Amino acid sequence: MILKNKRILLGVSGSIAAYKVPELVRRLREQGAEIRIVLTSGGAQFITPLTLQAVSGSQVEQQWITDTVQPISQESSFGHIELARWADLIVIVPASANCMARLAHGFASDLLSTLCLASDAPLAVVPAMNQQMWKAPATQDNIQCLDKRGTLIWGPDSGVQACGETGAGRMLEISEIIEKINAFWQEKIFSKMCLVITAGTTHEAIDPVRFLSNRSSGKMGYAIARSAQMMGAKVILISGPSALSCPTGIDYYPVESAAQMYQTVIEQITQADIFIAAAAVADYRPVQAQVHKIKKHNDTMHLELERTQDILAAVAALPEAPFTVGFAAETQDLEHYALDKLQRKKLNMIAANPVGKNLGFDQEDNCLSVYWKAGKKQLPRMHKTQLAQQLLQLIYTEYQKHS
Ligand code: PMT
């Protein structure tokens with residue numbers, strides 16, 4: 001666990017998004033982080049110290065201080081200097097316009113701004129405010145000033161806001177903030193490398209309203225893409241239809257069918273050091289997609305199907321093939337079929353998962369048996385994000401031996 005024993009100081013300033021902080025605290029602690037929280041007087045208008053205390057238990061390493069409730073001289077065990085030195089990372093979440101203005105101009109007007117001045121720990125701000133406040137020249141100047149000083153700026157997102165307006169200024173989702181924090185400590189093993197990743201299902205048209213498809217949600221492939229990005233890679237994600245949105249900073253190519261996925265992979269693959277085929281690509285497509293909706297005249301009907309191109313095998317057969325990693329989704333004889341695909345498609349590695357009821361497809365977690373010519377490794381059932389990180393570590397180790 002990357003966050004194990006990492007000391008994260010969360011600064012909570014005045015924004016409606018403060019109500020999401022308890023969830024953030026809970027999930028960071030689950031990942032082994034030590035958390036302390038400093039609440040500004042603005043933050044305390046939206047969430048109480050008691051709420052934060054209740055959600056995080058009563059561990060000694062936690063402390064809630066409001067600059068209004070407790071003057072600095074009466075802080076229980078930690079003064080601002082101790083807090084400033086304690087932190088490995090300071091994350092201000094949510095960061096209001098007012099809070100960022102105080103930071104940009106070096107104010108020491110409350111506990112949070114004081115300890116930011118007194119700390120040499122890296123500082124991240126997660127802005128959350130009304131879209132007009134975000135756009136305001138003063139806020140933009142303050143952001144630029146913080147950015148120049150090396151402050152990490154995470155977000156904001158765009159969309160409908162709590163006030164009903166639409167635009168940039170929404171706080172990032174909690175899961176995205178957790179990913180950013182993980183990425184901060186993640187070793188950048190793939191820096192200067194390009195990973196091309198396929199994800200999701202494909203749609204093979206039968207007629208204008210119907211298609212053949214499968215249950216892949218894209219969660220596994222997107223988790224690999226996000227984790228590879230965290231590990232420093234340039235990532236090209238080629239995805240079939242999926243309800244997931246592509247994280248910022250990833251080159252994203254949405255496609256529909258196996259043929260389009262094949263075409264896009266072939267166009268992008270020259271850049272790739274590593275290719276990972278996590279997509280559940282249709283093996284067959286209708287020979288002829290009908291121009292008009294098929295009418296139900298008969299009790300039975302026959303659909304003639306033809307094989308799609310095997311994208312994975314085509315990449316592995318390229319004269320200058322990247323390090324090629326396939327997936328195998330099996331309901332039986334997992335090892336047997338996986339090893340067969342590894343050899344037949346001439347892959348460097350294959351990650352096999354059992355699929356079926358509550359397994360693999362559209363689940364939050366998954367397990368993998370990974371095989372390569374000289375070895376194998378079991379990755380037990382865990383969240384797809386963690387699984388992706390472990391798979392990528394393994395791929396990197398074998399890639400290094402190979403190149
Ligand atoms: O998307 P999720 O809901 O998170 O589910 C994840 C997953 C179960 C889909 C994923 O972990 C997975 O197993 N993906 C591969 C599924 C698959 O199609 O397996 P396969 O055994 O049928 O194919 C073998 C390999 O050949 C795969 O790497 C596949 O991408 C590739 N292939 C298959 C057919 C084809 N025409 N072209 C290909 O490249």
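The values are calculated or read from the model by the stated rules, or taken from the named source; none is laboratory data. Everything quoted here is computed from the prediction, not taken from an experiment. Every residue, glycine as well, gets a Cβ built from its backbone with ideal geometry; the counts of neighbours run over all protein chains shown.
None of Asp310, Asp283 is within 25 Å of His402 (Cβ to Cβ), modelled with pLDDT of 95 or more, out of contact with any strand residue (DSSP E or B) (no Cβ under 6 Å at 6 or more places or on another chain) and within 10 Å of the ligand (Cβ to nearest atom) except Asp310. Evaluation of Ala128 against the conditions (1) surrounded by fewer than 19 Cβ atoms within 10 Å (Cβ to Cβ); (2) in contact with a helix residue (DSSP H, G or I) (Cβ under 7 Å, 6 or more places away or on another chain) shows that the sole unmet condition is (1). When you look at Met301, is it away from the ligand (no atom under 15 Å from the Cβ), at pLDDT below 95, more than 21 Å from Lys180 (Cβ to Cβ) and aliphatic (A, V, I, L, M), yes or no? So Met301 passes the test. Among the residues making up segment 249-273, those that are more than 20 Å from Arg210 (Cβ to Cβ) and assigned to a helix (DSSP H, G or I) are Tyr262, Gln263, Thr264, Val265, Ile266, Glu267, Gln268, Ile269, Thr270, Gln271. Yes or no: segment 161-178 includes at least one residue that is in the same structural domain as Arg102 (by TED's automatic domain parsing), on the phi > 0 side of the Ramachandran plot and in a strand (DSSP E or B). Yes: one or more hits.
On the given criteria, is Glu335 more than 8 Å from the ligand (Cβ to nearest atom) and of a type outside the set (Lys, Arg)? Answer is yes for this residue. Could you tell me whether Ile189 is within 16 Å of the ligand (Cβ to nearest atom) and either within 21 Å of the chain's Cα centre (by Cα) or within 19 Å of Pro122 (Cα to Cα) (or both)? Considered against the rule, which asks whether it is within 16 Å of the ligand (Cβ to nearest atom) and either within 21 Å of the chain's Cα centre (by Cα) or within 19 Å of Pro122 (Cα to Cα) (or both), Ile189 comes out as no. One residue stands out in segment 229-268 among those that are in contact (Cβ under 8 Å) with a residue 60 or more places away in the chain and within 15 Å of the ligand (Cβ to nearest atom): the one that is surrounded by the fewest Cβ atoms within 10 Å (Cβ to Cβ), namely Gln268. Selection of segment 345-370 for residues being within 10 Å of the ligand (Cβ to nearest atom) and basic (Lys, Arg) yields only Lys345. Among the criteria (1) modelled with pLDDT of 95 or more; (2) of a type outside the set (A, V, I, L, M); (3) under 21 Å from the mean Cα position of the chain (by Cα), the one Glu364 does not fulfil is (1).
Looking only at residues of segment 156-187 that are under 23 Å from Arg226 (Cβ atoms) and aliphatic (A, V, I, L, M), we find that the one that is surrounded by the fewest Cβ atoms within 10 Å (Cβ to Cβ) is Ala168.
If you go through segment 194-222 and keep only what is under 23 Å from Lys296 (Cα atoms) and away from the ligand (no atom under 13 Å from the Cβ), you end up with His203, Ala205, Ile206, Asp207, Pro208, Val209, Arg210, Phe211.
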